[in-house]
Amino acid sequence: MGDMTSQKAIREPFFTADSGFYKTLFQMLLVVALQNLVAYSVNMADNIMLGTYSQASLSAAATVNQVFFMVQQFALSIGNALVALGAQYWGQGRVGPVRTLTGIALKLGAAISAAVIAVCILFPEPLLYLFTDSAEIVAEGAQYLSLIQWTFALFILTNVLMAALRSVGIVNISFYISVVSLVVNVGINYTLIFGRFGFPELGILGAAVGTLTARVLELLIVLLYVLNYDKKLRLFSGGEAWRRDKGLRRDFARVYLPIMISQVLWGISVPMQTAILGHLSDDAIAANSIATTFYQYLKVIVIAMSSVSAVMIGNAIGRGDRKRVRSDARTMAVIDVLIGAVLGAALFLLRRPLVSLYTLTLPASDMAVNLIAVMSVVMVGMSYQMPVSFGIIQGGGDTGFTMKMNLISTWCIVMPLSFLAAFWWRWPVEAVVLVIQSDQIFKGLPTFLRFRKYQWMKKLTQDTCKEKAAQ
C-alpha cells in the first residue's frame with residue numbers, strides 16, 4: 001500500500017514541475033493583466049478627471065457606471081461561456097466548433113445590447129434614481145448616459161471577439177487595443193472636460209465623448225485583426241461562424257445560462273449595494289467611488305488570473321490529461337493566494353496618496369481612506385476565491401457551482417445584512433461596506449472544499465461534431 005502511495009506521489013506531484021507551464025502561465029498572465037489594467041484605465045481616466053473637475057460630476061459618472069457594470073456582467077458571462085467551451089475544443093485541435101460558438105456568442109451579445117440600450121433610451125432618469133435620490137446627480141448622469149449607452153454594444157461585441165481569440169491562446173492583441181483606447185480616451189477627456197486647446201468645456205459630456213470614441217476604436221481594431229492578421233482562429237473562414245448547429249447552440253446555452261445567472265445575480269447586488277450607500281450621503285457615494293475605483297484597478301490582475309486559468313484548464317481538459325489538470329490547478333490556487341497578499345498590502349500602504357489625487361470635502365476624504373483600508377482586506381479573500389471558482393472550477397466545466405454559491409452568499413446572507421447594517425442598525429459607512437464586501441472573504445471556504453473534490457473537471461465538448469474541415 002505504501003509503495004502504491006509513493007508511486008502516486010511521483011506520478012502526480014502537488015505542484016506542476018513542467019517549466020513550460022509556468023512560462024505559458026506567466027506570459028499570458030502578464031499580457032492579460034496589462035491589458036486589463038490599461039482597459040480599466042479608460043474608466044479610471046473619467047473618474048480622476050471628473051473628480052478633479054467637480055464632486056457632482058464624479059458622483060454622476062459613478063452612478064451611470066453602475067449601469068455599465070451590469071453590461072459588463074453580460075459581456076463576461078458570454079465570454080466566459082465561450083472560453084469554457086472553446087478552450088476545450090482548441091485543446092482537442094478542433095477549430096471549427098470554436099468559430100461556430102463565436103458566431104452564437106456574437107448574436108447573443110447583439111441581442112442583449114439592443115435590449116439594454118432600449119431601456120436606457122426609454123427610462124434614463126428612473127434608471128438612475130435606482131442608485132441615488134439626488135436630483136443634481138441624476139441630471140448630470142442623464143447627460144453622461146445619453147452617450148455612454150452606445151458604448152454598451154461596442155463593449156460587448158469587442159469582448160466576445162477577444163474571448164474567442166483568448167480561447168485559442170491569442171492575448172497580445174487585447175493589450176495593444178487597450179493602449180490605443182487609453183491614449184485616445186485620456187486625450188479627448190483632457191481636451192473636452194476642461195475645454196483645452198480652444199475646444200468647449202463640456203464637463204461630464206466631454207468624458208462621455210472620450211469613452212465613446214475609445215470603444216469605437218477598440219471594436220474597429222479587433223475586427224481588423226480578426227479579418228486580416230489572425231492565423232489561428234481564422235474566424236470567418238468558410239462561413240463557419242454563421243453556420244447553424246443545434247448541438248453547439250444547445251451546449252452553449254447549457255454552459256452560458258448558469259454563468260449568466262451567477263454573474264447577473266452577483267452583478268445586480270453590486271449596484272444595489274452602491275444604492276444603499278447612495279441613500280446614506282453624497283459623501284458616501286464619492287468616498288465609495290474612489291475606494292472601489294482603486295480596488296477594481298488592482299482587481300483586474302485577479303480577473304486576469306481567472307481568465308488565464310480558465311483557458312489553461314480548459315485546454316488541459318480538452319487534451320484529456322486529468323492528472324495534469326489537478327497539479328496545474330493546485331499550482332495556480334497557491335499563486336492566487338500569493339498575488340492576493342501582495343495586492344492587499346499595496347492597496348493598504350498607498351491609501352492616503354491615492355485619495356490625495358481627488359478634490360473632496362474633508363469628511364469624504366477621511367471616509368475614502370478608511371474604505372480603502374477595508375477593501376485591502378477584502379482583496380486577499382477575493383484573490384483566492386475568484387480565480388479558483390470562476391477560473392479553475394467554472395473553466396473546468398462546472399458552471400453550476402458558482403451560480404449556487406453566489407445565489408446563497410449574495411441574496412441569502414450579504415444583501416439582508418447590508419440593508420440591516422445601513423438602515424436598521426445604522427452602522428458607520430465603513431462597517432456597512434465591510435458587510436457588503438464580506439462575501440469575497442467567506443466564499444473562500446466553499447470554494448476550497450469544492451476545489452479539493454476535483455468533481456469540477458467536466459468534458460463539455462461533443463465527441464463528434466458536424467464541422468467542416470479547417471480551411
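When the chain is fully extended, how far beyond the present Cα-Cα distance does Asp133 get from Arg244, taking 0.36 nm per residue of separation?
35.2 nm
Per residue of region 398-403, what does 6.51 cos²θ - 1.76 cosθ + 1.60 with θ = phi - 60° give for ³J(HN,Hα)? Whole Hz please, x for Gly and Pro, Karplus curve as stated.
8, 8, x, 5, 5, 4
Stretched out fully, how many nm does the piece from Phe69 to Phe26 gain, at 0.36 nm a residue minus the Cα gap?
Extra length from Phe69 to Phe26 when fully extended: 12.7 nm.
Could you work out the helix-only [θ] at 222 nm for the chain, with each DSSP H run of four or more residues adding -39,500 (n - 2.57) and the total divided by the number of residues, to the nearest 500 deg cm²/dmol?
-26000 deg cm²/dmol
State the percentage of accessible surface on the chain attributable to carbon and sulfur atoms; use a 1.4 Å probe and exclude ligands, DNA and RNA.
Exposed carbon and sulfur together represent 67 percent of the surface.
Placing unit charges on C-beta atoms (Lys and Arg positive, Asp and Glu negative, everything else neutral), compute the dipole magnitude of region 273-365 about its Cα centre in debye, rounded to 20.
580
Rank by packing, highest mean first: peptides 229-237, 49-57, 93-101, 76-84, with packing defined as the count of other Cβ atoms within 10 Å averaged across residues.
76-84, 93-101, 49-57, 229-237
Would you mind working out the magnitude of the charge dipole of the chain relative to its Cα centre, with +1 at each Lys and Arg C-beta and -1 at each Asp and Glu C-beta, to the nearest 20 Debye?
Taking the Cα centre of the chain as origin, the dipole is about 2300 debye.
What's the extension gain from Ser54 to Ala431 if we count 0.36 nm per residue and subtract their Cα-Cα distance?
133.0 nm
Quick check for you: which residues of region 130-149 have the amide N under 20 Å from the point 7 Å beyond the Cα of Ile121 toward its beta carbon?
Those under the cut-off are 142-149.
Using modelled backbone amide H atoms (1.01 Å from N, in-plane), which distant-in-sequence or interchain residues come within less than 5 Å of Arg243's amide H?
Answer set, sorted by chain and number: none.
Kindly rank 58-65, 129-136, 274-281 from highest to lowest mean number of other beta carbons found within 10 Å of each residue.
58-65, 274-281, 129-136
Give me Rg over Rh for region 82-220, both radii from the alpha carbons and Rh done the Kirkwood way, two decimal places.
1.08
Could you sort the peptides 156-164, 117-125, 425-433 by per-residue average Cβ neighbour count (10 Å cutoff), highest mean leading?
156-164, 425-433, 117-125
Mind pulling the per residue volume of the convex hull built on the Cα atoms of the chain? Å³ is fine.
148
Rank Trp150, Trp424 by accessible area, highest first, at a 1.4 Å probe radius?
The residues order as Trp424, Trp150, largest area first.
Tell me, what ³J(HN,Hα) does each residue in region 428-443 have, in order and in whole Hz, if you take phi through Karplus 6.51 cos²θ - 1.76 cosθ + 1.60 with θ = phi - 60° and put x for Gly and Pro?
Couplings: x, 4, 4, 5, 5, 4, 4, 5, 4, 9, 4, 5, 5, 9, 6, 5 Hz.
Once label points are set 7 Å from the Cα along Cα→Cβ at both His279 and Phe348, what is their separation, rounded to one decimal in nm?
Going by the 7 Å Cα→Cβ label model, 3.3 nm.
So what is the accessible area of region 297-360 per residue, in Å², with the probe set to 1.4 Å?
On a per-residue basis, region 297-360 sits at 39 Å².
For the chain, what's the relative contact order in percent, using C-alpha pairs closer than 8 Å and at least 6 residues apart?
The normalised contact order for the chain reaches 23 percent.
Can you give the charge dipole size of region 104-234 about its Cα centre, rounded to the nearest 20 debye, using +1 on the beta carbon of Lys and Arg and -1 on the beta carbon of Asp and Glu?
840
Give the residue from Gly195, Phe423, Leu445 lying farthest towards the positive end of the charge dipole for the chain; charges sit on Cβ (+1 for Lys and Arg, -1 for Asp and Glu) and the dipole is referred to the Cα centre.
Ranked along the dipole, the leading option is Leu445.
With θ set to phi - 60° and the Karplus curve 6.51 cos²θ - 1.76 cosθ + 1.60, what are the ³J(HN,Hα) couplings of region 289-303 in order, to the nearest whole Hz, using x for Gly and Pro?
Karplus-based 3J(HN,Hα) across region 289-303 equals 4, 5, 4, 5, 4, 6, 4, 5, 4, 7, 4, 4, 5, 5, 4 Hz.
The values are calculated or read from the model by the stated rules, or taken from the named source; none is laboratory data. The structure presented is a predicted model; accordingly, all values stated were derived computationally and were not measured. As a convention, Cβ positions derive from the backbone with ideal geometry for all residues, glycine included, and neighbour counts pool all protein chains shown. We work out accessible area using only protein heavy atoms, side chains counted, and drop any ligands, DNA or RNA first. Shrake-Rupley method; radii C 1.70, N 1.55, O 1.52, S 1.80 Å.
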